[in-house]
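A.B. asks: This is the structure, below, for whatever I ask next.
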Amino acid sequence: MSNVCTTLAAMLLAMVSVSASAQTHQHPSAAAGQTADSRQLVDFPEPMRIHTIANMRDHLLALQEIDEALAKGEFDKASNIAEARLGMSSLEAHGAAHIAPYMPKGMQEIGTNMHQAASRFAVEAQNASVGNDVRPALAALAGVMRQCVACHAAYRLH
């Protein structure tokens, strides 16, 4: 358990460090004096835009709850949150089939990759509860967040 605590402490320290640098980070176009957002605009009908933004906020909340569960060594709880709210099992609850036709193909692919990565994380979190090694779960969780970053870097909603 001490290895888990040490790993989690290092992860939290890294997150604080990244968070602090992100607060002072400027978008490349802002640094060059440009105000234009170069990300591709995705024009959803207003009810779908609102629904999608609510889903993304819930994804962010789920990630926070997963981090808290991992910090407490509650790996099964982290797994359940990931699969139910982010994983492939969550697609129907999010209305993914109704929203996907309005997304550019690349955005659809990133979304699918994120949901698949979340399901992989759920398995790794369960493995951590048995083997008590959280590192594979943390690596899998990074894969989830990598997809979030990729999508938000490439696309924006009106």
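The values are calculated or read from the model by the stated rules, or taken from the named source; none is laboratory data. Everything numeric here is computed off the predicted structure, so don't read it as measured data. Please note: Cβ atoms are built from the backbone with ideal geometry, for glycine as well, and neighbour counts cover all protein chains shown. Side chains included, ligands, DNA and RNA excluded: accessible areas come from the protein's heavy atoms. Shrake-Rupley method; radii C 1.70, N 1.55, O 1.52, S 1.80 Å.
A.B. asks: Since residue 79 meets every condition but one in (1) modelled with pLDDT under 95; (2) open to solvent by less than 70 Å² (accessible area, probe 1.4 Å); (3) small (Gly, Ala, Ser), which condition does it not meet?
C.D. replies: Single failed check for residue 79: (1).
A.B. asks: Suppose the filter is surrounded by 15 or more Cβ atoms within 10 Å (Cβ to Cβ), under 15 Å from the mean Cα position of the chain (by Cα) and basic (Lys, Arg); does residue 85 pass it?
C.D. replies: Values: surrounded by 15 or more Cβ atoms within 10 Å (Cβ to Cβ): yes; under 15 Å from the mean Cα position of the chain (by Cα): yes; basic (Lys, Arg): yes.
So residue 85 passes the test.
A.B. asks: Could you tell me which of the residues 36, 54, 93 is open to solvent by less than 80 Å² (accessible area, probe 1.4 Å), in a helix (DSSP H, G or I) and not basic (Lys, Arg)? Spell out the reasoning first.
C.D. replies: Working: 36 fails: in a helix (DSSP H, G or I); 93 fails: open to solvent by less than 80 Å² (accessible area, probe 1.4 Å).
Being open to solvent by less than 80 Å² (accessible area, probe 1.4 Å), in a helix (DSSP H, G or I) and not basic (Lys, Arg) holds for just one of 36, 54, 93, which is 54.
A.B. asks: Just checking, does region 97-115 include any residue being surrounded by fewer than 17 Cβ atoms within 10 Å (Cβ to Cβ) and either aliphatic (A, V, I, L, M) or over 27 Å from residue 39 (Cβ atoms) (or both)?
C.D. replies: Let us first name the residues in region 97-115 that are surrounded by fewer than 17 Cβ atoms within 10 Å (Cβ to Cβ), namely 97-98, 100-102, 104-106, 108-109, 112-113.
Checking which are either aliphatic (A, V, I, L, M) or over 27 Å from residue 39 (Cβ atoms) (or both) leaves us with 97, 100.
Yes, the conditions are met somewhere in region 97-115.
A.B. asks: Sticking with this one: Any residue in region 133-158 that is in contact (Cβ under 8 Å) with a residue 60 or more places away in the chain sitting within a Cβ distance under 8 Å of a residue that is part of a strand (DSSP E or B) and open to solvent by less than 70 Å² (accessible area, probe 1.4 Å)? List the pairs, counting only those 6 or more apart or interchain.
C.D. replies: Listed by first residue and then by second, the contacts come to 155/42; 156/42; 157/42; 158/42.
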